[in-house]
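A.B. asks: Have a look at the structure that comes next, please.
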Amino acid sequence: MPNAIAYISRDTDGLHWKRVLEAGLGPLDYRTLDTLGNTDDIEVALAWKPPHGLLRTFRNVRLIVSLGMGVDHLLADETLPDVPIVRIMDEGLVGQMSEYALFWALRHHREIDRYAELQKQGQWKPLDFVDTIDRRVGVMGLGTIGQDTAAKFARLGFPTAGWSRTARTLDGIETFHGSDGFRRFLARSDILVDVLPLTRETRGLLDAAAFAALPKGAYFINMARGGHVVDEALLAALDSGHLAGAALDVFNTEPLPAGHRYWTHPRVHVTPHIAGATNPRTASPGVIENIKRLRAGRDLIHRVDAKTGY
Ligand code: GLV
């Protein structure tokens, strides 16, 4: 019986994953991209941005595990074998994501960059402040990450709303959904946080009309996928001063190409897709559970619906 586990990613050497999986499953026939050997042995593929066409060559694979919470990197491969796909659910990653959003939102809200400038000039100059109850936060995407992020903003006293594809009801969060709710949601979001999955429906969603619908002086935080953004539209909204700034962790092309305007734009902060790193310690219990379930012929958890794309 094929029972090898293959770690298909160039992000790390995968040894950390080997350790945490073996702690739960016992010794494994564990392969990486450099030690794949006979791929007929592979039963489970753990994948992050696999080279397109590779997974199809694993003739006996029975399960694909996305090492990211987003699965667009997998579904973009049109040759994927027809086996279940599950994704990690990682409370460590979720916590990091909400930290990332809170960090940039608070930095903007409390004018930290302007005070840093004033410090450089040796100036002691308190600025007018915006009351927390007047700074409206909008979170696009209300899955696990979006709910955690929205709840933390609400806890700090920011009037917080969320937008999702289908209707949701959440305690203490105003919710909007569908294309009807989108404009109304944007119009009340002084800080817009994107945590949507990348799907056919969400690609290019943040275009010139969407940015124009935000209130003047709004701030944009993208920790989801660069593919949601029409870059020229975002740059135009920043250049005109309609948007006060943006913190971008994800891009249409990654790594962000040298010379791209985001690198040097005075209102943009760039980070290299680090908002939420998959943490083997917190992500592995769900993966171990799924491998056990697979081997016992039981229903899998955290399954991905290839139709909706998440
Ligand atoms: C990271 O981008 C992820 O999808 O987990």
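The values are calculated or read from the model by the stated rules, or taken from the named source; none is laboratory data. For clarity, every value in this text was computed on a predicted model and none was experimentally measured. All Cβ positions, even for glycine, are placed from backbone atoms using ideal geometry, and neighbour counts span all protein chains on display. Protein only, heavy atoms only, side chains kept; ligands, DNA and RNA dropped before computing areas. Shrake-Rupley method; radii C 1.70, N 1.55, O 1.52, S 1.80 Å.
A.B. asks: Got a number for carbon plus sulfur as a percent of the chain's accessible area, 1.4 Å probe?
C.D. replies: For the chain, the apolar C and S fraction of the accessible surface comes to 52 percent.
A.B. asks: So how exposed is Met97, as accessible area in Å² (1.4 Å probe, rounded to 10)?
C.D. replies: That residue has around 20 Å² of solvent-accessible surface.
A.B. asks: Grab the Cα-Cα distance for Ala187 and Thr132, subtract it from 0.36 nm times how many residues apart they are, and report the gain in nm with one decimal. Each step should come with its number before you reach the end.
C.D. replies: Details: separation 55, 0.36 × 55 = 19.80 nm, distance 1.76 nm.
Value of the extension gain: 18.0 nm.
A.B. asks: A follow-up question, please. If we count trypsin sites (Lys or Arg not before Pro) as exposed when they sit in a DSSP loop and have at most 12 other beta carbons within 10 Å, what is the longest stretch of the chain that avoids them all?
C.D. replies: 60-199
A.B. asks: So what is the relative contact order for the chain, in percent, with contacts set as C-alpha pairs under 8 Å and at least six apart?
C.D. replies: Details: 561 pairs, mean separation 52.1, N = 310.
Taking the mean separation of contacting Cα pairs over the length of the chain, I get 17 percent.
A.B. asks: What's the extension gain from Arg303 to Ala236 if we count 0.36 nm per residue and subtract their Cα-Cα distance?
C.D. replies: 20.2 nm
A.B. asks: For segment 1-118, what does the relative contact order come out to in percent, with C-alpha contacts under 8 Å and a separation of six or more?
C.D. replies: Answer for segment 1-118 is 21 percent.
A.B. asks: Principal axis lengths of the chain from Cα atoms, whole Å, largest first?
C.D. replies: 69, 42, 33
A.B. asks: In the neighborhood of Arg298, defined by Cβ-to-Cβ distances under 14 Å, what is the net charge if each Lys or Arg adds +1 and each Asp or Glu adds -1?
C.D. replies: Local net charge: +3.
A.B. asks: Provide the per residue accessible area, probe 1.4 Å, for segment 215-266, rounded to a whole number of square angstrom.
C.D. replies: So segment 215-266 comes to 39 Å² accessible per residue, rounded to a whole number.
A.B. asks: Count charges around Gly309 for me, please; just the other residues with Cβ under 9 Å from its Cβ, Lys/Arg as +1, Asp/Glu as -1.
C.D. replies: Every neighbour counted, the sum reads -1.
A.B. asks: Let me ask something additional. Take the Cβ-Cβ distance between Arg56 and Ala167 as r, set R0 to 30 Å, and report the resulting FRET efficiency rounded to the nearest 0.05.
C.D. replies: That gives a FRET efficiency of 0.20.
A.B. asks: Stretch Ala277-Arg110 to full length: gain in nm at 0.36 nm per residue minus the Cα-Cα span?
C.D. replies: Here the answer is 57.5 nm.
A.B. asks: Using a cut-off of 15 Å between beta-carbons, work out the net charge of the residues near Arg10 (Lys and Arg +1, Asp and Glu -1, Arg10 not included).
C.D. replies: -2
A.B. asks: Check each of the GluC sites (Glu not before Pro) in segment 12-120 and keep only those in coil by DSSP with at most 12 other C-beta atoms within 10 angstrom; list them in order.
C.D. replies: Qualifying residues, ordered by number: Glu78.
A.B. asks: Next question. Consider a paramagnetic label point 7 Å from the Cα of Val83 along Cα→Cβ; state which residues of segment 48-72 have an amide N under 19 Å from it.
C.D. replies: Inside the label zone: 48-68, 71-72.
A.B. asks: Can you give the calculated 222 nm mean residue ellipticity of the chain, where each DSSP H run of n ≥ 4 adds -39,500 (n - 2.57) and the sum is split over every residue, rounded to the nearest 500 deg cm²/dmol?
C.D. replies: That comes out to -9500 deg cm²/dmol.
A.B. asks: Also: Using a Gaussian network for the chain with springs between C-alpha atoms less than 10 Å apart, which of these wobbles most: Ala161, Ala224, Ala151?
C.D. replies: Among Ala161, Ala224, Ala151, the largest mean-square fluctuation in the Gaussian network model of the chain belongs to Ala151.
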